[in-house]
Amino acid sequence: MRLEEYQWILFTSPNGVRIFFERAQAEGIQIPVGTGLKFAVIGSGSRAALKEYSIEADFIPQTYTSRAFALEFVKQAQSGEKILLPRAKQGSRELTRILKEHSYDYEEIFLYDVKGSLRVKQEILEKVDCHVFVSASGVKSFFQQIQELAPGYQFQGNIACIGQVTKEEVERQGFSPRILAQVSDVEGLVESIRIYFEKNIEKTGRKYRCKK
């Protein structure tokens, strides 16, 4: 990996930042900071992770979603600049689609693979008041495993999503999320959940249950 060939490195998650730098250190790769290489991150979590390596992000979008990240970034980058995109194998195709549509020269490398497993029993799931999803891949994995491990389970409860892409995947599964983070990061998601439940309790005095 010859980093001097790139003008931008784009990070879409804190995990991507940390795994990238850990791998670079393990392989003895020097990060050419201060030589024209710039760093773009999708949100505050990735920005904080980058700061752990004493690097300040050169670009962060106003809205923390893959689509907004891509659309704002293509206005920032210059024609002819080469982009490195290290991320998860399940990363949003929206980002690369927009880069390609705007004829940007990018190279995508998959640093890690996200695989989950359902570790709670059905009777515990039935008591959950809010299911929280922070990625579209997490949504797919959850509903796939629900169908395999508990085919008779009637999914219910509130659904909270970190961003529009995650929300759309929940909708493809046949459900309507009631909570969408106003700011697409973990802090924004937690705050949106808190506000929703405060308003819900005040207005109805009972929990809302989401039906298919």
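Assorted remarks:
- Highest-first arrangement of 157-169, 50-62, 18-30, where packing means the average Cβ count within 10 Å: 157-169, 50-62, 18-30
- Across the alpha-carbon set of the range 76-202, the Rg to Rh ratio works out to 1.05, Rh being the Kirkwood radius.
- Relative contact order [Cα under 8 Å, 6+ residues apart], the chain, whole percent: 16 percent
- Convex hull of the range 1-95 built on C-alpha atoms - directionally averaged projected area, nm²: 5.9 nm²
- Listed options for semi-axes √(5λ) of the Cα gyration tensor in Å are (1) 24, 22, 16; (2) 36, 18, 16; (3) 26, 21, 17. The value calculated from this structure is the one marked (2).
- Dipole orientation for the chain: of the candidates 60, 193, 31, 193 has the Cα lying most toward the positive pole (charges on Cβ; Lys, Arg +1; Asp, Glu -1).
- Once the 1.4 Å probe is applied to the protein heavy atoms, the range 50-165 comes out at 56 Å² accessible per residue.
- On the chain, 48 percent of the accessible area sits on carbon and sulfur atoms, based on a 1.4 Å probe.
The values are calculated or read from the model by the stated rules, or taken from the named source; none is laboratory data. Keep in mind it's a predicted model, so treat the numbers as computed, not measured. Note: ideal-geometry Cβ built from the backbone for every residue, glycine included; neighbour counts use all protein chains shown. These accessible areas exclude ligands, DNA and RNA; they are computed on the full protein's heavy atoms, side chains included. Shrake-Rupley method; radii C 1.70, N 1.55, O 1.52, S 1.80 Å.
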